[in-house]
Amino acid sequence: MKALIWDAEALADMVETRRAGFNESFRAFAIDLNWDAALWRQLVLHGTGAAPLRAYLARHGGPTLDEATVAALGADASARSAALIAAGAAALHPAAAVLLDDARRHRLRQAVVGPATAAELDALLSSGSRAPTPFQIVVPAPRIDAGLIHRARSQLGMDCADCILIAGTTSAAEAARDAGIDARLLSGPPRGASAVARFGAAWP
């Protein structure tokens, strides 16, 4: 094994920080919108940045916003989400922290794919005494599929046999297997002295 490809959802639950970021942005831009959790569960499927807002306006109408304002709102909401994460609103999963640190020590190349922005990842992984973000490749997308995983693998310069996907959901694990890449579903702390050296046995 030479590389880990992370499903962003295996790192932390950042869904609510994005909703909070949008609601803060709506107030800052004096826009009469406030998204509740039920609505957000539908919108978050459209991705990061301004994509959820575009999906909302296309489906529900609402305030008339030009594209420049939509883009500015998306960027502002992403920045606010990252600030909330940096302040502790979303924490790195303990099992992910162990494996990230072990992979760094073993100098594995690492990529992350799925619903997270580079700023959110920096906020999540650079807090406290943690070293800077270990990812060489970041590929944001609404959801993970085999094509996205192959894109990350190609950008890492690795063959399928050299990679493992760390999945936060069963659908991400299935996408990895469709791509011909082994997957491990992150469901608890690794057992054993080294998560990387004992990866096949140590992780579910």
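The values are calculated or read from the model by the stated rules, or taken from the named source; none is laboratory data. In this text, all values refer to a predicted model and were calculated from it rather than measured experimentally. Every residue, glycine among them, receives a Cβ derived from its backbone with ideal geometry; neighbour counts consider all protein chains shown.
Points worth noting:
- Residue match in the range 54-72 (condition: farther than 23 Å from Ala111 by Cβ and within 19 Å of the chain's Cα centre (by Cα)): no
- Among (1) at pLDDT below 80; (2) not in a helix (DSSP H, G or I), the one test that Val138 misses: (1)
- Reported count of residues in the range 32-53, each being without any contact (Cβ under 8 Å) to a residue 60 or more places away in the chain and either among the hydroxyl-bearing types (Ser, Thr, Tyr) or surrounded by 17 or more Cβ atoms within 10 Å (Cβ to Cβ) (or both), is 7.
- Filtering Arg27, Arg41 for residues that are of a type outside the set (Gly, Ala, Ser) and modelled with pLDDT of 95 or more leaves a single hit, Arg27.
- Scanning the range 38-54 for residues that are small (Gly, Ala, Ser) and over 18 Å from Thr69 (Cβ atoms) gives Ala38, Gly47.
- The residues on offer are Thr69, Thr64, and the sole one that is part of a loop (DSSP other than H, G, I, E, B), closer than 25 Å to Ile31 by Cα and not basic (Lys, Arg) is Thr64.
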